[in-house]
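One structure is given here, and the rest of the page talks about it.
The values are calculated or read from the model by the stated rules, or taken from the named source; none is laboratory data. Predicted model, so just to flag it, every value in this text is computed and none were measured. Here Cβ is always computed from backbone atoms with ideal geometry, including for glycine, and neighbour counts include all displayed protein chains. Protein only, heavy atoms only, side chains kept; ligands, DNA and RNA dropped before computing areas. Shrake-Rupley method; radii C 1.70, N 1.55, O 1.52, S 1.80 Å.
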Amino acid sequence: QVQLVESGGGLVQAGGSLRLSCAASGRTFSSYAMGWFRQAPGKEREFVAAISWSGGSTYYADSVKGRFTISRDNAKNTMYLQMINLNPEDTAVYYCARGKTIIRVGVAEYDYWGQGTQVTVSS
């Protein structure tokens with residue numbers, strides 16, 4: 001059984017920064033691509049960023065490109081999302097998820113999900 005636990009969310013002013021973490025249980029963390037998604041109130045869950053199993057490849061939604069950086073430390077079974085220059089449109093619950101062996105952007109391509117961490121950006 002895989003468990004994913006996000007942390008690092010909070011309240012930040014526009015222009016500020018946050019770093020999210022996703023701690024994974026299980027021995028197979030390093031075998032899978034991982035992703036970050038977010039869901040704002042009244043909206044569907046949307047793709048934010050993904051990273052390959054090795055960390056050598058990354059992919060971002062256009063809305064966060066240049067502001068967010070995804071990374072992972074397989075020795076620590078942990079994935080990160082560094083977010084800078086945040087704006088109110090980034091307000092959402094952020095989820096980490098385990099993907100397939102290669103990067104995908106669809107929600108259905110991910111099989112294990114964390115409980116989410118709230119990010120709120122005030123104007």
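Looking at segment 93-121, I want the residues that are closer than 11 Å to residue 33 by Cβ and among the small types (Gly, Ala, Ser) and have a partner that is assigned to a loop (DSSP other than H, G, I, E, B) and open to solvent by 10 Å² or more (accessible area, probe 1.4 Å) with Cβ atoms under 7 Å, at least 6 apart or on another chain. Which pairs are those? Cβ pairs passing all conditions: 97/110; 99/32; 99/110.
Answer with yes or no whether residue 8 is farther than 20 Å from residue 111 by Cβ and touching a Lys or Arg at 6+ places or on another chain (Cβ under 6 Å). Walk me through it before giving the result.
Values: farther than 20 Å from residue 111 by Cβ: yes; touching a Lys or Arg at 6+ places or on another chain (Cβ under 6 Å): yes.
Considered against the rule, which asks whether it is farther than 20 Å from residue 111 by Cβ and touching a Lys or Arg at 6+ places or on another chain (Cβ under 6 Å), residue 8 comes out as yes.
Residue by residue, here is whether (1) more than 17 Å from residue 93 (Cα to Cα); (2) part of a loop (DSSP other than H, G, I, E, B); (3) open to solvent by 40 Å² or more (accessible area, probe 1.4 Å) holds:
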residue: 15; (1), (2), (3): yes, yes, yes
residue: 20; (1), (2), (3): no, no, no
residue: 30; (1), (2), (3): yes, no, yes
residue: 41; (1), (2), (3): no, yes, yes
residue: 47; (1), (2), (3): no, no, no
residue: 63; (1), (2), (3): no, yes, yes
residue: 70; (1), (2), (3): no, no, no
residue: 75; (1), (2), (3): yes, yes, yes
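If you filter segment 111-121 down to residues that are closer than 19 Å to residue 7 by Cα and not aliphatic (A, V, I, L, M), you find that the one that is surrounded by the most Cβ atoms within 10 Å (Cβ to Cβ) is 117.
Is it fair to say residue 59 is open to solvent by 60 Å² or more (accessible area, probe 1.4 Å), at pLDDT 95 or above, in a strand (DSSP E or B) and aromatic (Phe, Trp, Tyr)?
On the way: open to solvent by 60 Å² or more (accessible area, probe 1.4 Å): yes; at pLDDT 95 or above: yes; in a strand (DSSP E or B): yes; aromatic (Phe, Trp, Tyr): yes.
Yes: the conditions hold for residue 59.
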